[in-house]
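This report refers to the structure that appears directly beneath it.
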Amino acid sequence: MRYALLIWDEEKRQNEMTEEEGQAQMSGYMSFGEEMGGRGVLQGGERLHPTPATTTVRVRDGEVLTSDGPFAETKEQMAGFYLVDCKDLDEAIEVASKIPGAAFGSIEVRPIWEM
Amino acid sequence: MVDQVEATVARAFREEWGRVVATLIRTTGDWDLAEESTQDAFARALERWPRDGVPANPGAWLTTTARNRAIDRLRRAQTGAEKAREAAMLEPDDELAALDDSGVTDDRLRLIFTCCHPALSVEAQVALTLRTLAGLTTGEIAHAFLVPEATMAQRLVRAKRKIHDAGIPYRVPPAHLLPERTTAVLAVLYLLFNEGYVASSGAELVRTDLATEAIRLARTLTELMPDEPEAAALLALMLIHHARRTGRVDAAGELVPLEEQDRATWDPAMIAEGQEQLDRALRRQRPGPYQVQAAIAACHATAPTAGDTDWHEIALLYAELLRMTGSPVVELNRAVAVAMADGPDAGLVVADGVADQLDGYQYLHSTRADMLRRLGRRDESAAAYTRALELSTVAAERRYLERRLAEVTGQSTAQPL
């Protein structure tokens, strides 16, 4: 089964990181990618720019409405995601628990709606 | 004759429902289909058994009948996906069983681990366990938890949908997940028992049917996991508590404190069985929190009179339990034991140590109130009883607290100010 692993974290915490902390985090993600790539579960994944770079788009009565910022103000923001192919939810949970961000923020495990 | 057959079907229902549903879920992968087909099989048993006689192996008869009903239902549906499932069902059964990496093949064990998967809400875990494993109807479960039947039906539908959509596996967890997941299963059964034992709200103090179901499920679990000492210990704990159920509430529905209970009302056979299960668990020499709790319950249940209770031993057991769980509620219980062993002043010191952490917990205040009352500190005692009353929602407990409060305030107002 395929799952999207959505990484939620406080941008505030990311912004306040020292350079060393940032580098440690980066290398954590590198080795996560290597491990999961080697295991064959990783299908994709990206880091996202923080919410100040976000634009929300709606179409109402045929008109495109744009606004600055994310759809909802929340304590944690989506910081990135992975697309994984796992045997079942137990494996997806195990993979999610190894994402470095899980130790600070939270990982949302969402099954992919297969067509 | 017909009555006898009906009784046989009823007994088969209790004994075989979970097993048949569990097997059908594995072979069809469809929880609703499994339940419906099992229901059909029992209906057919009621129809056939009076005429043809009860089969030699009712469980096998029911499983085969339910399986055939499932195939019929799938044939009638005639969609591509269902045809594929039908084909899968016709494959030899042992092949599927061999896919399991745990080496355990009883389907009920897969079922209970899936029902108690931590990705489901605790409410959903409890409801699913009662519906699929114990065979209670949605109406019965709704009644037990004092929610409308539609709410419970919705809860079950959502839980089953999540199992399917999120890919919650139908299997006994592999070794590295087993301890943690077994703890989750035990917690669900204990919660179920406690819900039956002390109704968390409402007028009834003991809901025997829920407690009985929890005991039945715990017994099944000890049969399925004979090497797990905590499963046997949980069964022991439930049996010993349940043995005292009639002594806990008097004829007027009032709560009777342990030291005032009539020990002649306790069920000695059930206590003995609990003790036996506990001994079985302890022989494994792998200590755990349920073994300590059962040992504490056994200390109480085997004392001939309240005065004979070995409070020193109980205080030591609570200290051990505290070490395992780190729970302030356990420390509060230790405070009670210390008060009994060494006097209320010693107990109060322990209780005050967790007072900040447990300020919103009714039993902190009622426990402190009792100790203060014994020490003759009536004003402080009255204040603590009042605080406990503010937090209590169970009618019988409230009446008990009100009685005590009247006692301490009554005596203090009799004194000149």
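No value in this document is a laboratory result; all are computed from the given coordinates. The model shown is predicted, which means the values in this text are computed figures rather than measured ones. Cβ atoms come from the backbone with ideal geometry, glycine included; neighbour counts cover every protein chain shown.
Scanning region B:18-34 for residues that are assigned to a helix (DSSP H, G or I) and out of contact with any Leu (no Cβ under 8 Å at 6 or more places or on another chain) yields a total of 4. Where helices (runs of 4 or more DSSP H) sit wholly within region B:111-185, those with at least 1 residues that are surrounded by fewer than 20 Cβ atoms within 10 Å (Cβ to Cβ) and within 14 Å of another protein chain (Cβ to nearest Cβ) occupy B:149-166.
Hey, among B:Glu259, B:Glu254, B:Glu223, which residue is farther than 28 Å from B:Leu178 by Cα and either without any contact (Cβ under 8 Å) to a residue 60 or more places away in the chain or crowded, with 19+ Cβ neighbours inside 10 Å (or both)?
Of B:Glu259, B:Glu254, B:Glu223, the one residue that is farther than 28 Å from B:Leu178 by Cα and either without any contact (Cβ under 8 Å) to a residue 60 or more places away in the chain or crowded, with 19+ Cβ neighbours inside 10 Å (or both) is B:Glu259.
Considering every residue within region A:44-59, establish whether at least one is assigned to a loop (DSSP other than H, G, I, E, B), within 14 Å of chain B (Cβ to nearest Cβ) and either farther than 30 Å from B:Pro169 by Cα or not small (Gly, Ala, Ser) (or both). There is no residue in region A:44-59 that is assigned to a loop (DSSP other than H, G, I, E, B), within 14 Å of chain B (Cβ to nearest Cβ) and either farther than 30 Å from B:Pro169 by Cα or not small (Gly, Ala, Ser) (or both).
For A:Phe104, the conditions (1) within 14 Å of chain B (Cβ to nearest Cβ); (2) in contact (Cβ under 8 Å) with a residue 12 or more places away in the chain; (3) not aliphatic (A, V, I, L, M) all hold with the exception of (1). Among the residues of region A:1-43, those that are of a type in the set (Phe, Trp, Tyr) and assigned to a helix (DSSP H, G or I) comprise A:Tyr29, A:Phe32.
Collect the residues in region A:60-101 that are part of a strand (DSSP E or B) and within 14 Å of chain B (Cβ to nearest Cβ), keeping them in residue-number order.
Within region A:60-101, the first condition is being part of a strand (DSSP E or B), and the residues that meet it are A:60, A:63-68, A:77-85.
A:Val84, A:Asp85 - these are the residues of region A:60-101 that are part of a strand (DSSP E or B) and within 14 Å of chain B (Cβ to nearest Cβ).
Scan region A:88-100 and give yes if some residue there is touching a Pro at 6+ places or on another chain (Cβ under 9 Å) and among the basic types (Lys, Arg), otherwise no. No, region A:88-100 contains no residue that is touching a Pro at 6+ places or on another chain (Cβ under 9 Å) and among the basic types (Lys, Arg). Taking every residue in region A:26-47 that is in contact (Cβ under 8 Å) with a residue 24 or more places away in the chain and pairing it with any residue that is part of a helix (DSSP H, G or I) and exposed (fewer than 15 other Cβ atoms within 10 Å of the Cβ), at least 6 positions away or on another chain, the pairs with Cβ-Cβ distances below 7 Å are A:Leu42/A:Gly33. When restricted to residues that are exposed (fewer than 14 other Cβ atoms within 10 Å of the Cβ) and assigned to a helix (DSSP H, G or I), region B:37-69 contains 5.
Condition check: in contact with a strand residue (DSSP E or B) (Cβ under 9 Å, 6 or more places away or on another chain), surrounded by fewer than 12 Cβ atoms within 10 Å (Cβ to Cβ) and closer than 26 Å to B:Pro173 by Cα. Does A:Gly40 satisfy that? Spell out the reasoning first.
Details: in contact with a strand residue (DSSP E or B) (Cβ under 9 Å, 6 or more places away or on another chain): yes; surrounded by fewer than 12 Cβ atoms within 10 Å (Cβ to Cβ): yes; closer than 26 Å to B:Pro173 by Cα: yes.
Judged against the criteria, A:Gly40 is a match.
From the list A:Asp85, A:Asp68, the lone residue that is more than 27 Å from B:Pro173 (Cα to Cα) and surrounded by fewer than 18 Cβ atoms within 10 Å (Cβ to Cβ) is A:Asp68. Contact map, region B:19-40: residues that are more than 10 Å from B:Leu111 (Cβ to Cβ) paired with residues that are assigned to a loop (DSSP other than H, G, I, E, B) and not charged (D, E, K, R), Cβ distance under 8 Å, separation 6+ or inter-chain. Pairs shown: B:Gly29/B:Tyr170. Region B:291-357 holds no helices (runs of 4 or more DSSP H) entirely within its bounds that carry 2 or more residues that are in contact with a strand residue (DSSP E or B) (Cβ under 7 Å, 6 or more places away or on another chain) and more than 25 Å from B:Arg280 (Cβ to Cβ).
If you go through region A:1-35 and keep only what is among the charged types (D, E, K, R), more than 14 Å from chain B (Cβ to nearest Cβ) and closer than 28 Å to A:Asp88 by Cα, you end up with A:Asp9, A:Glu34, A:Glu35.
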